[in-house]
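Since the structure comes first, as structure tokens, the remarks are kept for the end.
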Amino acid sequence: MPIAHMPTTVPVVVDEAKCIADKGCTVCVDVCPLDVLRISDLTGKAYMKYDECWYCMPCETDCPTGAVTVNIPYLLR
Amino acid sequence: MDEIREGSTEVSCDVLVIGGGTAGPMAAYRAKRRNPNMRVILLEKANVKRSGAIAMGMDGLNNAVIPGYATPEQYTKEITIANDGICDQAPVYKYASRCFEMIQELDRFGIKFQKTENGDFDVKKVHHLGSYVLPMPNGDTVKKALYRQLRREKVLISNRYMATRLLTGRNGQVAGAIAVNTRDAEFLVIRAKTVILCAGAAGRLGLPQSGYLWGTYENAANSGDGYAMAYHAGAGLANLECYQINPLIKDYNGPACAYVAGPFGGYTTNNDGNRFIECDYWSGQMIQEFYNELQSGKGPVFLKLDHLHSDTIGEIEAVLHNVERPSRGRFHQNRGTDYRERMIEMHISEIGFCSGHSASGVFVDEFARTTVTGLYAAGDMASVPHNYMLGAFTNGAVAGEHAAGFAEEIDLPDYDIGEVEREKTRVLAPTKRDDGVPPNQIEYKTRRLVNDYLQPPKVTAKMNLGRMRLAEVRDDLENRMVARDAHELMRSLEAASIIDCADMAATASLFRTESRWGFYHHRVDFPEKNNDEWFCHSILRKQDGRMTVEKRPVADYIVPIEESERSAYDRQRIRKSA
Ligand SMILES: Cc1cc2nc3c(=O)[nH]c(=O)nc-3n(C[C@H](O)[C@H](O)[C@H](O)COP(=O)(O)OP(=O)(O)OC[C@H]3O[C@@H](n4cnc5c(N)ncnc54)[C@H](O)[C@@H]3O)c2cc1C
Ligand code: SF4
Ligand code: SF4
């Protein structure tokens, strides 16, 4: 059986203009307890790769440039 | 990142701590303090800097036994009663006697505790009988403070390694653990003289009503791996039928929290704005009343703050929107809920295992020893009831010190290489298939079945059916689950822990043919408490490859409880006065 993709709107957004991942920052990726953030090969910026978020906020709190915003996941908003 | 590599490394140490949330860092720190020459490894699935229940700090201690406010005897009595008498008092009493020293240690680490103008600790009453709640004004800094100490003591920290199984030595004693890197699936085989399990609650057991797998009360990284590992190593697990079920903000699924708001004058009400419970302290008996109210037509249930002065509410907001679960403020904002104007809709959570709040954990004695030699457990996954954050710290310290002492006396145990090979095969199986069921579907179905069949009110026929359905999912998990990268592999290993916990929940619940702990073990076919037959622990373990449960007597009380005091927690409902 093939595996399909199910679209979801992810709760965590990164302001690419503020993100300095291209200068080597990986703070949000490092601290996330659920390990759901990654640096994109395409844009060189952080993004939410997996919609598996505890809306706990270390990513936002620890980002040195204030690039991360944690929203409440849609299903429980 | 995330591509699967198939390497394997072996390391060895004196003390291995699994889980770097709350109990784990303290266990590792105290092991090192006791003997600085020891090799102490702290293994963490996430990153110790921001992991566990306290990832964003905590607003206060829920169970501080502070000289002048409470005595270890009073506390031990309260917890024994709150836990319906099923309580080995020795570990509770030890905690109560040592926790003040832990508060002083945390104070030295830079964590502040609220004082009154006279310089006394500002302890609040939330429990039914005594006063044990102490606010922490800079509670957001807990993790940082702990991390500094770990660095100073040169604890070896391995982040992003998920432990999957314990290794056992020749005589059945613990010999280490196997872990897999969550970003490249490389194995780490850690030989150890002693192992301390601090992997937290089984927080992804029931499915939250929102349907979002990650919208749990517990830190969602806590998938019950510690319970599963202890089980497969042959350790006894106590009273798993005494589930954790918490009163939470509906949908948000985090605490509101009556412990913070209570001392300011907030309280729980029904839809008429009337109180219906005497006491907001979380217990099975309190949750039973909460459930009754929801069923009665007088629901929904709310946390009421709107009668308080705006400045008071400001103070409450400053706590609730900044530490512990700081996204609470955003949740309310989205819905236009201002505490000043509207009550907060509350609900009861899905089920989990957690001794931090109830009593379902790996059986331990007053030295945090499990029933397996060399294996310790502390925090939410160990059986000391209602032990919360300060219990995780204090019992983590107890475990670390004792494990270090034991490690000084023994040689590194041998392990069976065949065990490692079998585990590698089990772990990697989902990566060897190019087709099948992804772990998120396995997990969703397991947890949905937990809700449908295992959550209270518990019905025998339903639980038996649930076991059959779960066996079908297990067959899929073992033979058809597919993981395409290292991240999915972590999720598939978690799914295996979750289904193990689901089986344990069903088996333990079916064993105890009575009702106890209020809603936590409300069995419809056996609605009464039966002290003649069931005043005992249930101990679940793996014997000859099978799940078994047996009774274990409750140890003789150290602090006697009068007959007339025993039912204090049964009287939760506000009696109608004329
Ligand atoms: C939302 C919330 C609010 C709370 N509020 C309060 C409060 O106000 N006051 C209070 O006293 N208590 C409170 N508690 C309870 C208290 O926080 C917990 O009892 C305590 O922190 C538990 O500590 P622990 O070490 O057992 O678990 P945790 O701190 O959760 O740590 C478990 C760690 O194990 C790691 N782990 C899990 N599986 C594996 C694996 N397979 N391999 C490696 N690592 C693994 C996890 O990533 C995690 O870091 C609250 C709990 C929650 C969830
Ligand atoms: S922490 Fe902030 S700056 Fe750093 S990678 Fe993440 S989003 Fe970018
Ligand atoms: S809110 Fe928490 S779980 Fe979600 S991405 Fe940020 S750190 Fe990770």
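The values are calculated or read from the model by the stated rules, or taken from the named source; none is laboratory data. Since we're looking at a predicted model, the values are computed, not measured. Here the Cβ positions follow ideal geometry from the backbone for every residue, glycine too, while neighbour counts run over all protein chains shown.
Taking the criterion of being buried (at least 18 other Cβ atoms within 10 Å of the Cβ), without any contact (Cβ under 8 Å) to a residue 12 or more places away in the chain and more than 16 Å from ligand 1 (Cβ to nearest atom), the only residue of segment A:4-38 that qualifies is A:ARG38.
Scan segment B:1-56 for residues that are within 15 Å of ligand 1 (Cβ to nearest atom), over 21 Å from B:LYS193 (Cβ atoms) and in a loop (DSSP other than H, G, I, E, B) and jot them down. Answer for segment B:1-56, where residues must be within 15 Å of ligand 1 (Cβ to nearest atom), over 21 Å from B:LYS193 (Cβ atoms) and in a loop (DSSP other than H, G, I, E, B): B:GLY21, B:THR22, B:LYS45, B:ALA46, B:ASN47, B:SER51, B:GLY52, B:ALA53, B:ILE54, B:ALA55, B:MET56. Is it the case that B:THR425 is exposed (fewer than 15 other Cβ atoms within 10 Å of the Cβ) and away from ligand 2 (no atom under 16 Å from the Cβ)? Spelling it out, B:THR425 is indeed exposed (fewer than 15 other Cβ atoms within 10 Å of the Cβ) and away from ligand 2 (no atom under 16 Å from the Cβ). Would you be able to say whether some residue in segment B:199-218 is surrounded by fewer than 23 Cβ atoms within 10 Å (Cβ to Cβ), within 14 Å of chain A (Cβ to nearest Cβ), in contact (Cβ under 8 Å) with a residue 24 or more places away in the chain and within 16 Å of ligand 3 (Cβ to nearest atom)? Checking segment B:199-218: at least one residue is surrounded by fewer than 23 Cβ atoms within 10 Å (Cβ to Cβ), within 14 Å of chain A (Cβ to nearest Cβ), in contact (Cβ under 8 Å) with a residue 24 or more places away in the chain and within 16 Å of ligand 3 (Cβ to nearest atom).
Of the residues making up segment B:208-246, those that are in contact with a helix residue (DSSP H, G or I) (Cβ under 9 Å, 6 or more places away or on another chain) and closer than 19 Å to B:SER327 by Cβ number 11. Restricting B:GLY21, B:GLY57 to those that are at pLDDT 95 or above, more than 16 Å from ligand 2 (Cβ to nearest atom) and within 14 Å of chain A (Cβ to nearest Cβ) reduces the list to B:GLY21.
Within segment A:41-59, the residues that satisfy the criterion of being touching a strand residue (DSSP E or B) at 6+ places or on another chain (Cβ under 7 Å), away from chain B (no Cβ under 11 Å) and either part of a loop (DSSP other than H, G, I, E, B) or within 25 Å of B:GLU494 (Cα to Cα) (or both) are A:LYS45, A:TYR47, A:MET48. For segment A:44-53, taking the residues that are without any contact (Cβ under 8 Å) to a residue 40 or more places away in the chain and within 16 Å of A:CYS63 (Cβ to Cβ), the one that is farthest from ligand 3 (Cβ to nearest atom) is identified as A:GLY44.
Could you list, in sequence order, all residues of segment B:89-140 that are assigned to a helix (DSSP H, G or I), over 21 Å from B:GLY19 (Cβ atoms) and hydroxyl-bearing (Ser, Thr, Tyr)? Across segment B:89-140, the qualifying residues are B:TYR93, B:SER97.
Regarding A:ASP62, is this residue touching a residue at least 12 places away in the same chain (Cβ under 8 Å), surrounded by fewer than 20 Cβ atoms within 10 Å (Cβ to Cβ), near ligand 3 (Cβ under 9 Å from one of its atoms) and more than 20 Å from B:GLU494 (Cβ to Cβ)?
Considered against the rule, which asks whether it is touching a residue at least 12 places away in the same chain (Cβ under 8 Å), surrounded by fewer than 20 Cβ atoms within 10 Å (Cβ to Cβ), near ligand 3 (Cβ under 9 Å from one of its atoms) and more than 20 Å from B:GLU494 (Cβ to Cβ), A:ASP62 comes out as yes.
Of all residues in segment B:373-385, those that are surrounded by 24 or more Cβ atoms within 10 Å (Cβ to Cβ) and outside any helix (DSSP H, G or I) total 9. Out of curiosity, is B:GLU478 in contact (Cβ under 8 Å) with a residue 60 or more places away in the chain and surrounded by fewer than 17 Cβ atoms within 10 Å (Cβ to Cβ)? Criteria not met by B:GLU478.
Rundown of residues vs (1) within 17 Å of the chain's Cα centre (by Cα); (2) within 11 Å of ligand 1 (Cβ to nearest atom), yes/no style:
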| residue | (1), (2) |
| --- | --- |
| B:PHE331 | no, no |
| B:SER349 | yes, yes |
| B:PHE353 | yes, no |
| B:GLY356 | yes, yes |
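For the subset of segment B:238-271 comprising residues that are part of a loop (DSSP other than H, G, I, E, B) and small (Gly, Ala, Ser), which member is nearest to the chain's Cα centre (by Cα)? Looking at the filtered set, the residue picked out is B:GLY254.
For every residue, the table says whether it meets (1) modelled with pLDDT of 95 or more; (2) closer than 30 Å to B:VAL364 by Cα; (3) acidic (Asp, Glu); (4) in contact with a Gly (Cβ under 7 Å, 6 or more places away or on another chain).
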residue	(1), (2), (3), (4)
B:MET381	yes, yes, no, yes
B:ILE410	yes, yes, no, no
B:LEU454	yes, yes, no, yes
B:PRO457	yes, yes, no, no
B:LEU465	yes, no, no, no
B:ARG469	yes, no, no, no
B:GLU488	yes, no, yes, no
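The residue of segment A:59-77 that is nearest to the chain's Cα centre (by Cα), among those that are near ligand 2 (Cβ under 7 Å from one of its atoms) and β-branched (Val, Ile, Thr), is A:VAL68.
Does A:VAL12 qualify as being over 17 Å from B:ARG491 (Cβ atoms), of a type in the set (A, V, I, L, M, F, W, C), more than 9 Å from ligand 2 (Cβ to nearest atom) and within 12 Å of the chain's Cα centre (by Cα)? It is true that A:VAL12 is over 17 Å from B:ARG491 (Cβ atoms), of a type in the set (A, V, I, L, M, F, W, C), more than 9 Å from ligand 2 (Cβ to nearest atom) and within 12 Å of the chain's Cα centre (by Cα). The requirement of being in a helix (DSSP H, G or I) and either within 21 Å of the chain's Cα centre (by Cα) or touching a residue at least 60 places away in the same chain (Cβ under 8 Å) (or both) is not satisfied by B:TYR281.
Consider segment A:60-75. How many of its residues are in contact with a helix residue (DSSP H, G or I) (Cβ under 8 Å, 6 or more places away or on another chain), of a type in the set (A, V, I, L, M, F, W, C) and within 9 Å of another protein chain (Cβ to nearest Cβ)? Matching residues across segment A:60-75 total 2.
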